[in-house]
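Accompanying notes for the structure given below.
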């Protein structure tokens, strides 16, 4: 196996685990029953430590070990988890993330500052442990308290000085990369395997035997001074894949009764093996089997009685500490959880996914070509076949695109931490509300939206939410609210960042803009236009610059990032009430359902999501159009664009023209075209960089006939129309005021 | 006792999870046709539990046909595994007893 690949996986998984840990820590303060979150946090730290150990990443192991010890105390109920401890753990998580980063970059060691920070954290953690820990983990096994020897063993304790380990490996152990033999070798470092018996009962006949499955079990008599935890630790990584029973020296006879009952093989046979192992004397075996038989008889007689859980019986008979039982139950749940998770997720290389989507794009185009030929041939059987094919291609396309979709909830949840940290820094009490977390969007978009959103959230908290005094004055609750919301709307995904803060002060923004020379003094601007000034580079109305914002750098970058994703931003705000920033992004970046229209000799594609309806242009309309630049659509004013004019396609206007009504962001517009050529789906091929600033065109595609059709950038067209309208209105207002 | 095997099979290289499926496929016809089988383990470079399982499988299959399985030429890798799992008695073949104690 490629070590680099394995290390990469470790890094990715560690980061996921650190995220899980952080999520758990942020959740925990608000929870009544913290046990599950505590377990999740512990598991995350524990797994990271284990994996890091495999790769010999001693720094991580050492640090995580201390953290794990404290977490263990919390888990055991010996330490309560309050906000101080949460803060400390969060910092520890950050430090571990730094360590993981160093592993990734391959650099040798931390900087002096980071090392000091790490030691400081270890010191703080150690305060919670009764014993002062050094930074290095304790590798050696702890000697167990010496137990009194028992002379007799009748019905009480067995004479055996050694541990008895019973293993039944699961079918997938070998496939999962583990080998029972390596466990025995490791076990050998903790003590001496006195006797081992291999049990191959589970192996099926040759025909059914799967050479890569594991059918082996073992009974081991093991002499060691290690404690139970250390011995269990040997089988750490195979816990999920193996039935393990570990019976300490001088266990109760009852322990063996239970174990034998648990194991699949026949009782007598097991008994024999235990005797041969030296774990039980023959006399002890007889006792065990007798008790077993008695209990079986009792169970049959009281069949109505609720079968006690193994754990309950165990604790009842004083065999096992309650903590051990809890650990076992937790392990069971963990097994179920991890099994469930394993079934749900498959790790896929992003490049492979892109390749797949690309190929499907080509498939779509090829399918369109086949469709045309089939249409031409007119053969009904062929047409039907091609139609089926088309439908399947569509389904494959949708499924493939779906693979790239992730829920935005994960990104949103990360902001809990941001809000928490920033509220501390600013001394403001702010809560984060999240809705629409299940809304899905393309993975790449999710990754790129993180930074802009962070900036917007920080802005809301810094400039939006007022300080407690001002909020009280305004009759608002002391706790400010920032809200993240996401939903789908006509082919786009909308993400909103809202706050119930002070809102945008229109006058102040305008004044500042004039002051900075961004806007001419008597230029009439609509409210939207004034608000959009905050995206200008260098613009800020902040009185003082905090280390979060105020320098006037952020919003400009935010806008550019959004535009790079072919999205747009709008602002809704009411002074003293609050602000909502709405980001609109396209749902898919690769394949679209389009509506083909003809203008002159050219074809254009309009994204189907944005098409509302098609209307034939009546003679009346055409006449009217010559005078005014809007169409009356069922008594609704519809601004329009003549594509022929816009793209200067040339030629005379045809007799029959049609209007395609499109909508975007709540605005409607009509696109006047010649012919309506129907729906079809296609791949968006980006235009070359020369055409980047072309207004109104968002890409190109290849038709089934082999011709090129340009894809209209409806948002920008609609924006043009809207701008035109607002300008016309302001011009009217200006002339009116002059009059 | 007639000890001449019906067939001989030699393992070359690894006898591990990576070669297990392949090796089983090659063994199956032999197990079907040759109740008395001899497996030469002198060239076994490495063995893991999957390899061990195959040997157990072969032993069983031969026994089911009233035949026998003989393992010969145990390489050090094989000896280590058989020793560790205490399987030498199971197979019953004469081996050089390792000088290492458990």
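The values are calculated or read from the model by the stated rules, or taken from the named source; none is laboratory data. Keep in mind it's a predicted model, so treat the numbers as computed, not measured. Reconstructed Cβ throughout: ideal geometry from the backbone, glycine too, with neighbour counts over all protein chains shown.
Key figures
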{"read-out": "Tally, over the stretch A:597-619, of residues that are outside any strand (DSSP E or B) and farther than 14 Å from residue A:656 by Cβ", "value": "4"}
{"read-out": "Residue in the stretch A:380-388 that is in contact with a strand residue (DSSP E or B) (Cβ under 7 Å, 6 or more places away or on another chain) and either more than 22 Å from residue A:500 (Cα to Cα) or surrounded by fewer than 18 Cβ atoms within 10 Å (Cβ to Cβ) (or both) present", "value": "no"}
{"read-out": "Residue A:238 vs. criteria touching a helix residue (DSSP H, G or I) at 6+ places or on another chain (Cβ under 6 Å) and in contact (Cβ under 8 Å) with a residue 24 or more places away in the chain", "value": "no"}
{"read-out": "Qualifying residue in the stretch B:24-31 (condition: in contact with a helix residue (DSSP H, G or I) (Cβ under 6 Å, 6 or more places away or on another chain), more than 27 Å from residue A:177 (Cα to Cα), buried (at least 20 other Cβ atoms within 10 Å of the Cβ) and within 9 Å of chain A (Cβ to nearest Cβ))", "value": "yes"}
{"read-out": "Members of the stretch B:32-47 that are over 12 Å from the mean Cα position of the chain (by Cα) and either within 14 Å of chain A (Cβ to nearest Cβ) or under 19 Å from residue B:92 (Cβ atoms) (or both)", "value": "B:32, B:33, B:34, B:35, B:36, B:46"}
{"read-out": "Residues of the stretch A:155-171 classified as surrounded by fewer than 16 Cβ atoms within 10 Å (Cβ to Cβ) and either in contact with a helix residue (DSSP H, G or I) (Cβ under 9 Å, 6 or more places away or on another chain) or within 11 Å of chain B (Cβ to nearest Cβ) (or both), total", "value": "3"}
{"read-out": "Positions within the stretch A:368-400 being closer than 20 Å to residue A:679 by Cα, in contact with a helix residue (DSSP H, G or I) (Cβ under 7 Å, 6 or more places away or on another chain) and in contact (Cβ under 8 Å) with a residue 40 or more places away in the chain, in sequence order", "value": "A:370, A:371, A:397"}
{"read-out": "Cβ-Cβ under 7 Å pairs, at least 6 apart or on other chains, the stretch A:427-451 side free of Cβ contacts under 8 Å to residues at least 40 places away in the same chain, far side surrounded by 14 or more Cβ atoms within 10 Å (Cβ to Cβ) and assigned to a helix (DSSP H, G or I)", "value": "A:438/A:409; A:450/A:411"}
{"read-out": "Yes/no for residue A:220 being touching a residue at least 24 places away in the same chain (Cβ under 8 Å) and within 14 Å of chain B (Cβ to nearest Cβ)", "value": "yes"}
{"read-out": "Check on residue B:98, away from chain A (no Cβ under 11 Å) and at pLDDT below 90", "value": "yes"}
{"read-out": "Every residue from the stretch A:443-466 that is in a loop (DSSP other than H, G, I, E, B) and in contact with a strand residue (DSSP E or B) (Cβ under 7 Å, 6 or more places away or on another chain)", "value": "A:465"}
{"read-out": "All positions within the stretch A:196-217 that are touching a residue at least 40 places away in the same chain (Cβ under 8 Å), within 7 Å of chain B (Cβ to nearest Cβ) and in a strand (DSSP E or B)", "value": "A:196, A:197"}
{"read-out": "Matching entry among A:490, A:498 (being buried (at least 20 other Cβ atoms within 10 Å of the Cβ) and touching a strand residue (DSSP E or B) at 6+ places or on another chain (Cβ under 9 Å))", "value": "A:498"}
{"read-out": "Qualifying residue in the stretch A:417-426 (condition: within 30 Å of residue A:348 (Cα to Cα) and surrounded by fewer than 17 Cβ atoms within 10 Å (Cβ to Cβ))", "value": "yes"}
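To keep it simple, each residue is scored yes or no on (1) part of a helix (DSSP H, G or I); (2) more than 24 Å from the chain's Cα centre (by Cα).
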| position | (1), (2) |
| --- | --- |
| A:30 | no, no |
| A:43 | yes, no |
| A:52 | yes, no |
| A:88 | yes, yes |
| A:92 | yes, no |
